[in-house]
Amino acid sequence: MSTPVHVSRLRLGHRASLTRTEGLRSTTYHSQWQLFPLGAVHRPESGAVVLDTVCGHCRVPVRVVLDSAPTAARKKQNRGVLGWVMLLAGVALIVTACLIGGGGAAPGLAGVTGLFAVLGSFGVRSTGKAYPGAGLDRDQPAATRNPHRIFVR
């Protein structure tokens, strides 16, 4: 198992600005973040601990869940395994769609579903690799969670 990110590298980010640029056929969003230390010295021995920290920009209390090193490594590994399972299932669906062939909706639906599973697997695997072992507590209001995010510096 891989070791999670050291706590001293974790930062609470506050979205300071969000700019929107309208193009001819697309819209681009650009966020600027201000980063603040979490205030934790070390990870817990087991399980997870909830840190009550205050955002340095908006002065709103934010709860951050900090996983222990074994828990963070296990979550990271589980996301990687799930990504591989999704990839293999997607490829199996695409191969099945090619083998069924012919007309009708079943082969097309299997192929499209397989394609989405393959594409989704890359997202799951990349978030698994980037998981820092900390996140915002989901039991707080969305108005508190939305402008905040955990960064690794």
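Return the residues of region 1-37 that are among the hydrophobic types (A, V, I, L, M, F, W, C) and part of a loop (DSSP other than H, G, I, E, B); say none if nothing qualifies. The answer is MET1, VAL5, LEU24.
For every residue, the table says whether it meets (1) over 27 Å from GLY133 (Cα atoms); (2) more than 22 Å from the chain's Cα centre (by Cα); (3) not aliphatic (A, V, I, L, M).
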position: GLY23; (1), (2), (3): yes, yes, yes
position: VAL41; (1), (2), (3): no, yes, no
position: ALA72; (1), (2), (3): no, no, no
position: ARG79; (1), (2), (3): no, no, yes
position: VAL85; (1), (2), (3): no, no, no
position: VAL91; (1), (2), (3): yes, yes, no
position: THR96; (1), (2), (3): yes, yes, yes
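Return yes or no: is SER46 loosely packed, with under 15 Cβ neighbours inside 10 Å and within 22 Å of GLY133 (Cβ to Cβ)?
yes
Pairs linking a residue in region 59-72 that is of a type in the set (D, E, K, R) to a residue that is surrounded by 14 or more Cβ atoms within 10 Å (Cβ to Cβ) and part of a helix (DSSP H, G or I), with Cβ atoms under 7 Å and 6 or more positions apart or on different chains, are ASP67/LYS75. When the criteria are applied in full, VAL62 meets the requirement of being outside any helix (DSSP H, G or I) and within 23 Å of the chain's Cα centre (by Cα).
The C-beta contact set for region 22-35 (first residue within 30 Å of GLY56 (Cβ to Cβ), second residue basic (Lys, Arg) and surrounded by 10 or more Cβ atoms within 10 Å (Cβ to Cβ), distance under 7 angstrom, 6+ apart or interchain) comprises SER31/ARG15; TRP33/ARG15; LEU35/ARG11; LEU35/ARG153. Selection over region 38-59 of residues that are assigned to a loop (DSSP other than H, G, I, E, B), in contact with a strand residue (DSSP E or B) (Cβ under 7 Å, 6 or more places away or on another chain) and either aliphatic (A, V, I, L, M) or at positive phi (or both) gives a count of 3. Selection of region 67-109 for residues being charged (D, E, K, R) and either modelled with pLDDT of 90 or more or part of a helix (DSSP H, G or I) (or both) yields ARG74, LYS75, LYS76, ARG79. Scanning region 130-153 for residues that are closer than 9 Å to LEU10 by Cα, crowded, with 16+ Cβ neighbours inside 10 Å and among the aliphatic types (A, V, I, L, M) yields ALA134, ILE150. All of (1) of a type in the set (Gly, Ala, Ser); (2) touching a Pro at 6+ places or on another chain (Cβ under 8 Å); (3) not in a helix (DSSP H, G or I) hold for GLY135 with one exception: (2). Taking every residue in region 1-21 that is free of Cβ contacts under 8 Å to residues at least 24 places away in the same chain and pairing it with any residue that is surrounded by 12 or more Cβ atoms within 10 Å (Cβ to Cβ), at least 6 positions away or on another chain, the pairs with Cβ-Cβ distances below 6 Å are LEU18/SER31.
The values are calculated or read from the model by the stated rules, or taken from the named source; none is laboratory data. All values derive from a computational prediction rather than experimental measurement. All Cβ positions, glycine included, derive from the backbone under ideal geometry; neighbour counts span all protein chains shown.
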